[in-house]
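Since the structure comes first, as structure tokens, the remarks are kept for the end.
Taken together, the values in this text are just the output of simple stated rules run on the coordinates, not laboratory data. None of these values were measured; they are calculated from a predicted model. Positions of Cβ are generated from backbone atoms using ideal geometry, with glycine treated the same way; all protein chains shown enter the neighbour counts.
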Amino acid sequence: DTAVFHPSPKDFPELKNDTFLRAIEHIPVWCMRQAGRYLPEFRESRAGKDFFETCRSPEACCELTLQPLRRFPFDAAIIFSDILVVPQAMGMEVQMSPGKGPTFPEPLKEPEDLQRLKTKVDVSSELDYVFKAITLTRHRIEGKVPLIGFTGAPWTLMSYMIEGGGSTTHSKAKRWLYRYPEASHKLLSQLADVIVEYLLGQVKAGAQALQVFESHTGCLGPVEFEKFSLPYLRDIARRVKDKIKESGLDNVPMIVFAKDGHYGLEDLSESGYEVVSLDWTTDPRSARIRTGGKVSLQGNMDPCALYATKERISEIVKRMLESFGTKGYIANLGHGLYPDMDPENVGAFVEAVHTHSRQLLNRK
Ligand code: 1CP
């Protein structure tokens, strides 16, 4: 009977799906390495402390993760940690030399060195400190933005384990691919097994999205990528998603970032990840065509554009958003922030994404 129902514009049922409203507000934005040395408060928190000690303190990781959110309206947080905690969990020693980056005092040299790695890695105890950091941060973030967990991909970790640190040619690690393909696959599968458990543990601890960093794709070509990187990236996405389902958890979006892997874009868009993150060497419009709407895209402003004036940053962002389009898009840089970047310009980047995306979305 319509006569007895006088609806008033109050006390509506709670909105269960606010995707639409959020999507017309603005394009989401975050930055790789947003918790980093470009922030004075980060440098102060880290001063005089060992890097991996910091990684092992859930309180410290939580604080470093939250710092950039206090300054800028980022739409996501990424847990403070490092990709090299995985080789450590497998039994390798890694030190962080200030100004030099990560160093392995005893890198893998020949296939027999694989015996030095633990055959069974108890991920839940070895990497427990990361899970604790994620859980604590999820509480302290108070639901403001989602928390992203991450890992290095097998090839990138393998290259560090053999090179013993950063490298421009990756020639020691690539020597393994050409000379010891079997031992290479053995190491890559061992890494993939640990990574699957590690990512699942992160989701159980509270991570709401996952990013897999294949930072060293650029030194591979299409053939080696197909053999030594892509199969493991695929395997990780499939196994993590299966295990999330088996555990009765909700699916979390997975992002793959294969830096300088433009040659593999079509394959990456069919590798089981919801999002493909791009570095700045790929043109957004061609990336849209090549990925055929199969995935969302993330990226890809050249981090060095942050050295420009705020006006120029705004123009660059506007063009980037127009090229990617507003659907299925997460604004980000094409790689991490550098320590000498001006926090004010990081703020200008975030603001430009919000301003221009509102304009683009309202035009429709
Ligand atoms: O003392 C310090 O603060 C050292 C600088 C630093 C920081 C802030 C390192 C050493 N790691 C990190 C944190 C870190 N590392 C995060 C934190 C979250 C965030 O992004 O805000 C993440 C996601 C990483 C991941 C990471 N570590 C990657 C993948 C991303 C990428 O840059 O391609 C890689 C390759 C590393 C190794 C690493 N750790 C640190 C350095 C300087 C490097 C690179 C060394 C090299 O190869 O030259």
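Quick look at the values:
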item: Helix-only CD estimate at 222 nm, as mean residue ellipticity for the chain, using -39500 (n - 2.57) per DSSP H run (n ≥ 4); result: -14000 deg cm²/dmol
item: Which of Met32, Leu268, Gly336, positive extreme of dipole for the chain (C-beta unit charges); result: Leu268
item: Amide hydrogen neighbours beyond the local backbone of Asn300, cut-off 5 Å, H modeled; result: Asn332
item: Dipole magnitude of the range 40-363, debye to nearest 20 (Cβ charges: Lys/Arg +1, Asp/Glu -1, about Cα centre); result: 580 debye
item: Angle between the chain longest axis and helix 310-324 axis [Cα atoms, degrees, rounded to 10]; result: 90 degrees
item: Residues whose placed amide H lies under 5 Å from that of Gln211, excluding near-sequence neighbours; result: Gly149, Phe150, Thr151, Ile255
item: Percent of beta bridges antiparallel (DSSP, the chain, rounded to nearest 5); result: 15 percent
item: Gain on full stretching of the segment that runs from Asp250 to Glu25 - 0.36 nm per residue minus C-alpha separation; result: 78.5 nm
item: Listed peptides 194-200, 127-133 by packing density, highest first (mean Cβ within 10 Å); result: 194-200, 127-133
item: Gap separating the Cα centres of the range 30-51 and the range 94-168, nearest whole Å; result: 18 Å
item: Residue of Ser229, Ser97, Ser57 that the Gaussian network model of the chain assigns the largest fluctuation, springs spanning Cα pairs under 10 Å; result: Ser97
item: Whole-Hz ³J(HN,Hα) from phi, Karplus 6.51 cos²θ - 1.76 cosθ + 1.60, for the range 220-234, glycine and proline x; result: 8, x, x, 6, 5, 4, 4, 8, 10, 10, 3, x, 6, 4, 4
item: Per-residue Cβ neighbour rank within 10 angstrom, fewest leading, Cys31, Cys219, Cys55; result: Cys219, Cys55, Cys31
item: Neighbour-count order for Thr169, Thr156, fewest beta carbons within 10 angstrom listed first; result: Thr169, Thr156
item: Paramagnetic label zone (point 7 Å from Cα along Cα-to-C-beta, Glu106; backbone N under 19 Å) in the range 170-184; result: none
item: Listed residue pairs exceeding 31 Å between alpha carbons, taken from Lys144/Lys259; Lys49/Lys310; Lys10/Lys310; Lys243/Lys294; result: Lys49/Lys310; Lys10/Lys310
item: Packing-based exposure ordering (other Cβ within 10 Å, fewest first) of Trp30, Trp280; result: Trp280, Trp30
item: Whether the range 217-295 is rounded, prolate or oblate, judged on the alpha carbon gyration tensor where a/c under 1.5 counts as rounded; result: oblate
item: Cut-off under 5 Å, modelled amide H: who pairs with Thr282 long-range; result: none
item: Per-residue ³J(HN,Hα) for the range 111-127, Karplus 6.51 cos²θ - 1.76 cosθ + 1.60, θ = phi - 60°, Hz, x for Gly and Pro; result: x, 5, 5, 4, 4, 6, 7, 5, 7, 10, 9, 7, 4, 5, 8, 4, 10
item: The range 103-108 - phi-based ³J(HN,Hα) in whole Hz, Karplus 6.51/-1.76/1.60, Gly and Pro as x; result: 9, 9, x, 10, x, 6
